[in-house]
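*Asks:* Quick one: structure below, then a few questions.
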Amino acid sequence: MTFLSILCALLIEQMKPLRADNPIYAEIKSLALRMETWFNAGHSTHGRMGWFLMMAILMVPTALIYWVLKHYNWFLAAFAWNVLIVYLTLGFRHYSHYFTSIQLALNAGDDAAARALLAEWTKQDTVGMETSEIARIAVEKSLITTHRNVFGVFFWFLMPLGPACAVMYRVAEHLARAWNEPEHMRNEAFGQFAARAFYWIDWIPVRLTAVAFAVVGNFEDAIYAWRNFAHRWADEAIGIILSAGGGAMGVRLGSPVENAAKVLPADAATVDLSDEEPDVLPGEEPSVRALQSTVGLVWRALLLWMMLLLLLSGAVWLGATP
């Protein structure tokens, strides 16, 4: 059922993508904002309380409906519920129109349009950016978004509670951003637990995504970049995804300034880099071709995940057959 649920949800999303600003997401964002208003008294303990309450409100009904449908052997209803939850938690096509439009603009030599689209997508200043910088940021944004909206959801959907775990992952990712990234929330104690919780929730998925990129791309360069450069990012998860993804494609990703040192989420301890470590990421400077390489890498990684999931589902089915 798991494989078919994901496959059906992917097919439905290809035909009818769910907009990123749909009413369901808007309600969840509104609830997160209300939780912040109700619980934020300047202490990390209050952030922990708000986080768990938010999870309970969204996960318990999802898990309860799933359990009831399975308990009474309503197979088709349980299957439909799985497909619905995967469809709502996946985001394979949420932002693909930005990436595709940027790629088309750069291919047409319209850098101004590409900058405007990138600014709208990433919410950052793109004035005066060169083509290579536009391509680099678009590739980075695409790899990170794909991991968090697709592969991370896949991993948690495979867990025993299935739909509820997928909901947990996407909500945890949103809370880590919503309670830390806005200007008024930066350096606030309230969002510390949300950031730390998502760090651990995403610990295994982010490494599986990096392995998938390595397997379907240039394995040797991906592993080399991962081992030697991932720890230089301030955000460990982003460092793993970008170093492995860039190495797999032979493209140099990441800002040299950002790669100066790493601050661990747990202890905020800075790691000094040895002079013996390589200073330059492997690969070429990003170009328009890198965007096409990114599309190929993501689709190959997706097919790898689906193939492994099919094999796992087949093994489980055969093991359950008398």
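The values are calculated or read from the model by the stated rules, or taken from the named source; none is laboratory data. These numbers come from a predicted model, not from an experiment. Note that each Cβ is placed from the backbone with ideal geometry, even for glycine, and that neighbours are counted across all protein chains shown. Surface areas here come from the heavy atoms of the whole protein model, side chains and all, with no ligands, DNA or RNA. Shrake-Rupley method; radii C 1.70, N 1.55, O 1.52, S 1.80 Å.
*Asks:* May I ask you to list the residues in the stretch 135-184 that are without any contact (Cβ under 8 Å) to a residue 40 or more places away in the chain and aliphatic (A, V, I, L, M)?
*Replies:* Those that are without any contact (Cβ under 8 Å) to a residue 40 or more places away in the chain and aliphatic (A, V, I, L, M): ILE137, MET159, ALA176.
*Asks:* Can you pull out every residue in the stretch 224-235 that is under 19 Å from HIS147 (Cα atoms), surrounded by fewer than 18 Cβ atoms within 10 Å (Cβ to Cβ) and either of a type in the set (Ser, Thr, Tyr) or touching a Pro at 6+ places or on another chain (Cβ under 7 Å) (or both)?
*Replies:* none
*Asks:* Select, from ILE12, ILE24, ILE28, the only residue that is buried (at least 17 other Cβ atoms within 10 Å of the Cβ), β-branched (Val, Ile, Thr) and assigned to a helix (DSSP H, G or I).
*Replies:* ILE28 is the lone residue from the list that is buried (at least 17 other Cβ atoms within 10 Å of the Cβ), β-branched (Val, Ile, Thr) and assigned to a helix (DSSP H, G or I).
*Asks:* What is the number of the single condition among (1) of a type in the set (A, V, I, L, M); (2) farther than 27 Å from LEU31 by Cβ; (3) open to solvent by less than 30 Å² (accessible area, probe 1.4 Å) that ALA63 does not meet?
*Replies:* With (1) of a type in the set (A, V, I, L, M); (2) farther than 27 Å from LEU31 by Cβ; (3) open to solvent by less than 30 Å² (accessible area, probe 1.4 Å) applied to ALA63, the lone miss is (2).
*Asks:* Okay, next question. Mind counting the residues in the stretch 7-47 that are touching a residue at least 24 places away in the same chain (Cβ under 8 Å) and within 22 Å of the chain's Cα centre (by Cα)?
*Replies:* 17
*Asks:* Kindly list the number of the only condition in (1) out of contact with any strand residue (DSSP E or B) (no Cβ under 9 Å at 6 or more places or on another chain); (2) within 27 Å of PHE154 (Cβ to Cβ); (3) at pLDDT 85 or above that fails for GLY254.
*Replies:* (3)
*Asks:* Given (1) more than 30 Å from GLU133 (Cα to Cα); (2) under 25 Å from the mean Cα position of the chain (by Cα), identify the lone condition not met by LEU69.
*Replies:* (2)
*Asks:* What single numbered condition from (1) farther than 22 Å from THR294 by Cα; (2) buried (at least 23 other Cβ atoms within 10 Å of the Cβ) fails to hold for LEU143?
*Replies:* (1)
*Asks:* Same structure again: Do we have PHE99 as in contact (Cβ under 8 Å) with a residue 24 or more places away in the chain, outside any helix (DSSP H, G or I) and either crowded, with 20+ Cβ neighbours inside 10 Å or of a type in the set (A, V, I, L, M, F, W, C) (or both) here?
*Replies:* no
*Asks:* Further, regarding this structure: Please work out if ALA41 is loosely packed, with under 13 Cβ neighbours inside 10 Å and touching a Phe, Trp or Tyr at 6+ places or on another chain (Cβ under 9 Å).
*Replies:* yes
*Asks:* Give the residues of the stretch 66-75 that are surrounded by 13 or more Cβ atoms within 10 Å (Cβ to Cβ) and assigned to a helix (DSSP H, G or I), sorted by residue number.
*Replies:* TYR66, TRP67, VAL68, LEU69, LYS70
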